[in-house]
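Undergrad: Questions regarding the structure given below will be posed in turn.
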Amino acid sequence: MAVINPHEISEQMYVGSVAAAVLTKKGNIYTGVCIDTSSSLGMCAEENAMSTMLTNGENEVEKVVSVYKDGTVMPPCGGVSGIYDAIREKRKRYRNPAQ
């Protein structure tokens with residue numbers, strides 16, 4: 001994944017050891033990298049990609065792929081599961097029953 005670029009920002013922040021891509025139902029791809037901080041207030045790559053998707057007005061996820069810096073495909077983190085569940089739950093509540 002082209003966005004993988006692990007590097008140190010400061011003594012308290014390291015970024016890019018995991019990258020993620022979110023494919024939306026519209027066919028758009030949003031990417032993100034993990035942000036690791038010494039205070040544990042970082043962000044996983046999947047959350048980063050999903051927040052970019054939401055910022056761009058989309059909320060229908062087709063697939064999420066996460067890749068470690070060595071190229072290993074890995075399962076999404078637990079945090080993104082909560083976000084994804086909340087998005088799906090909202091769509092269920094507001095879906096037009098006639099559709």
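The values are calculated or read from the model by the stated rules, or taken from the named source; none is laboratory data. Just so it is clear, the structure is predicted and the values come from calculations on it, not from any experiment. In this analysis, Cβ positions are derived from the backbone assuming ideal geometry, glycine residues included, and neighbour counts consider all displayed protein chains.
Undergrad: Counting only residues that are without any contact (Cβ under 8 Å) to a residue 12 or more places away in the chain and over 21 Å from Met74 (Cα atoms), which one in the stretch 1-26 is surrounded by the fewest Cβ atoms within 10 Å (Cβ to Cβ)?
TA: This residue is Ser10.
Undergrad: Which condition does Val33 not pass, out of (1) of a type outside the set (D, E, K, R); (2) modelled with pLDDT of 90 or more; (3) buried (at least 17 other Cβ atoms within 10 Å of the Cβ); (4) not in a strand (DSSP E or B), if it passes all the others?
TA: (4)
Undergrad: What pairs can you find where one residue is in the stretch 33-58 and touching a residue at least 12 places away in the same chain (Cβ under 8 Å) and farther than 18 Å from Ile4 by Cα, the other is buried (at least 19 other Cβ atoms within 10 Å of the Cβ) and among the aromatic types (Phe, Trp, Tyr), and their Cβ atoms are less than 6 Å apart, with a gap of 6+ or different chains?
TA: Taking only residues 6 or more apart or on different chains, the pairs are Met53/Tyr30.
Undergrad: Please give the number of the condition Val3 fails out of (1) part of a loop (DSSP other than H, G, I, E, B); (2) within 10 Å of the chain's Cα centre (by Cα).
TA: The failed condition is (2).
Undergrad: Would you pick out the residues in the stretch 13-29 that are within 13 Å of Asp70 (Cα to Cα) and among the hydrophobic types (A, V, I, L, M, F, W, C)?
TA: Result: Val18, Ala19.
Undergrad: Mind listing whichever residues of the stretch 86-99 are modelled with pLDDT under 80 and assigned to a helix (DSSP H, G or I)?
TA: Listed by number, the residues that qualify are Ile87, Arg88, Glu89, Lys90, Arg91, Lys92, Arg93, Tyr94.
Undergrad: On to the next question. Taking the stretch 63-81 on its own, how many of its residues are of a type outside the set (Val, Ile, Thr), modelled with pLDDT of 80 or more and outside any loop (DSSP other than H, G, I, E, B)?
TA: The number of residues fulfilling the criteria is 4.
Undergrad: Scan the stretch 36-62 for residues that are farther than 22 Å from Glu8 by Cα and part of a strand (DSSP E or B) and jot them down.
TA: Val61, Glu62
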